[in-house]
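Here the structure is laid out as structure tokens; the discussion comes afterwards.
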Protein chains: 2
Amino acid sequence: MPTDNKRLQIWKKFKRNFLNSGSMECFDTHIHSEGKGITELKAMAEAGIKHVISCAYYPVVPSYSSTLIDMFRKLTSFEVERGKKAGLELIPAVGVHPRCICRGWEKALKWVEENAEVIGEIGLECASDVEVEVLSAHLGIAKKLDLPCIVHTPKNNKLKVTEKVLKIVDASGIGEELVVIDHATPKTVEEILKKGYYAGLTVQPGKISVEEVISIVEKHGFEKFVLNSDTGFNDFEALTVVETANALKEKFDEKDVKKVAIENGKKIFKK
Amino acid sequence: MPTDNKRLQIWKKFKRNFLNSGSMECFDTHIHSEGKGITELKAMAEAGIKHVISCAYYPVVPSYSSTLIDMFRKLTSFEVERGKKAGLELIPAVGVHPRCICRGWEKALKWVEENAEVIGEIGLECASDVEVEVLSAHLGIAKKLDLPCIVHTPKNNKLKVTEKVLKIVDASGIGEELVVIDHATPKTVEEILKKGYYAGLTVQPGKISVEEVISIVEKHGFEKFVLNSDTGFNDFEALTVVETANALKEKFDEKDVKKVAIENGKKIFKK
């Protein structure tokens, strides 16, 4: 059993995250709700996160497309209801993540074409030929149906793969206002903005910090960014959007902070 | 945003559940870890729950067997690791839940036969012909391979369907020591014990209460029961096994309480 001290630490951390969070309504534009319990989703809602995009992802590589399709069905029905119970507007994004490409992925794409309101999480991981093919196919659907897309860029080879992602998105001819290039870093932001896309700023250990967000918006303004946590199956860093919004409020006009914390997201995702 | 009072209430509830839980090590013999976030799993471990059986279940009816098989793969790899990170020994139980029977279920059964260490959650929901066929097929595998089984009984028609379940289990010829008839109630316990099986006592709103557990063990002793919460995709009633063990300790010998809280589970599931 944990010592009383250990328990107390955990309790204090929970209390800090839970009670001292800000009062601004936020939109976390990239989570994986399937990895979160309802208590955690409730804690997000209580902290001020009122809208989330829950992106499709399966944590083991699926063996066949029906796993993806059933996951999309779960995300667009069961997860939406679970979000509601927790006090969140949960907007499902469906698509084949580059780490989830499997036999029959074309069938999953067909489901996306028939049912998606937001496409995601798509993108490149290693930038293999099949990943490029799958990404391009999604972008084709998004262009045809005028659907917003959440496009993943990977941890490894960030610069090079982001460049490749941007080329593929450019080539698709999709409207710039429909595209969030996600997990942007101080090094990739400039290229993304030059092309006219939105940049997703994922505040999470191993991704970017609150301080990096501050310096990014100081340099590039508030118009072309959305905040997200990418919280999901792993540790509970689910309140980083609220924490970031609070930190931004200390330095910038609330009107500007609201753009990255909620308004840009509402505009892109048509909510 | 919630009022400070509302926040305080939630915080106090968390604190109460989290800090004032008992010191006895427990085995929650039936959860669905896939519906829980890692913070919640950690809270369970911190509260004293050291071992859990995480049962296979998919919250929308799958369209094809590969969804079940991929879910089994996730449960037996990714979820085991997630449990470890949270401080839990997570023992996966795989099988086709009566509410998850889909096209190709025989293929999922083959995977179970080749990989299972514990079979579950199986059983009957409406007691339809196909449910009976699927349950019998699982029991055949369990008998052949000497595997413990977690057998669900439903909320509706509890008595009648439990009787049918018991008939099917009897007919399979499986060893009594391998079978937990789960979600037992004061009304079904007697029949289950008469046949020599273990009864799973699921302490959860809508299932049974701590008080009912107390009166059941008062009448029938501690040898043939295991405790569980069935916690999963819904609300966070994840510490009911610890709460029940604490309540039992106030009335009974710790040695006896340990049987239902941990030891019977270890014996049945060979841990």
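Can you name every residue in the range B:72-104 that is more than 17 Å from the chain's Cα centre (by Cα) and farther than 20 Å from B:Gly48 by Cβ?
Hits for the range B:72-104 are B:Arg73, B:Lys74, B:Ser77, B:Phe78, B:Glu81, B:Ile101, B:Cys102, B:Arg103, B:Gly104.
Can you name the number of the only condition in (1) in a loop (DSSP other than H, G, I, E, B); (2) within 14 Å of another protein chain (Cβ to nearest Cβ); (3) buried (at least 19 other Cβ atoms within 10 Å of the Cβ) that A:Arg103 fails?
Result: A:Arg103 fails condition (3) only.
Run B:Gly175 past the list (1) within 20 Å of B:His97 (Cβ to Cβ); (2) surrounded by fewer than 19 Cβ atoms within 10 Å (Cβ to Cβ) and report the number of the one that doesn't hold.
(1)
Return the residues of the range B:198-216 that are farther than 20 Å from B:His51 by Cβ and either in contact with a helix residue (DSSP H, G or I) (Cβ under 7 Å, 6 or more places away or on another chain) or of a type in the set (Gly, Ala, Ser) (or both); say none if nothing qualifies.
B:Gly206, B:Ser209, B:Val210, B:Ile214, B:Ser215, B:Ile216
Could you count how many residues in the range A:170-221 are assigned to a helix (DSSP H, G or I) and of a type in the set (Ser, Thr, Tyr)?
Qualifying residue count, the range A:170-221: 2.
Taking the range B:243-271 on its own, how many of its residues are at pLDDT below 95 and in contact with a strand residue (DSSP E or B) (Cβ under 7 Å, 6 or more places away or on another chain)?
So the answer is 1.
Of everything in the range B:245-262, what is more than 16 Å from B:Tyr198 (Cβ to Cβ) and either acidic (Asp, Glu) or assigned to a helix (DSSP H, G or I) (or both)? Give them in sequence order.
B:Ala245, B:Asn246, B:Ala247, B:Leu248, B:Lys249, B:Glu250, B:Asp253, B:Glu254, B:Lys255, B:Val257 - these are the residues of the range B:245-262 that are more than 16 Å from B:Tyr198 (Cβ to Cβ) and either acidic (Asp, Glu) or assigned to a helix (DSSP H, G or I) (or both).
Tally time: how many residues in the range B:64-93 are of a type in the set (S, T, N, Q), facing another protein chain (nearest Cβ under 9 Å) and either assigned to a helix (DSSP H, G or I) or closer than 22 Å to B:His152 by Cα (or both)?
In the first step, residues of the range B:64-93 are kept if they are of a type in the set (S, T, N, Q); the result is B:65-67, B:76-77.
Cutting the leftovers down to facing another protein chain (nearest Cβ under 9 Å) gives us B:65-67, B:77.
This time we only want the ones that are either assigned to a helix (DSSP H, G or I) or closer than 22 Å to B:His152 by Cα (or both), so: B:65-67.
Number satisfying all stated conditions: 3.
Go through (1) part of a helix (DSSP H, G or I); (2) more than 13 Å from the chain's Cα centre (by Cα) and name the single condition A:Gly265 misses.
Tallying (1) part of a helix (DSSP H, G or I); (2) more than 13 Å from the chain's Cα centre (by Cα), A:Gly265 fails exactly one: (2).
Please name all residue pairs, on different chains or six or more residues apart, with Cβ atoms under 6 Å, provided the first residue is in the range B:119-131 and is over 24 Å from B:Ile31 (Cβ atoms) and the second residue is surrounded by fewer than 24 Cβ atoms within 10 Å (Cβ to Cβ).
Note: pairs meeting the criteria are B:Ala127/B:Val161; B:Ala127/B:Lys164; B:Val130/B:Ile101.
Does the range A:39-51 hold any residues that are of a type in the set (Val, Ile, Thr) and either surrounded by 24 or more Cβ atoms within 10 Å (Cβ to Cβ) or modelled with pLDDT of 95 or more (or both), and which are they?
The answer is A:Ile49, and nothing else.
The values are calculated or read from the model by the stated rules, or taken from the named source; none is laboratory data. The structure presented is a predicted model; accordingly, all values stated were derived computationally and were not measured. For neighbour counting, all protein chains shown are included, and Cβ atoms are generated from backbone atoms with ideal geometry for every residue, glycine included.
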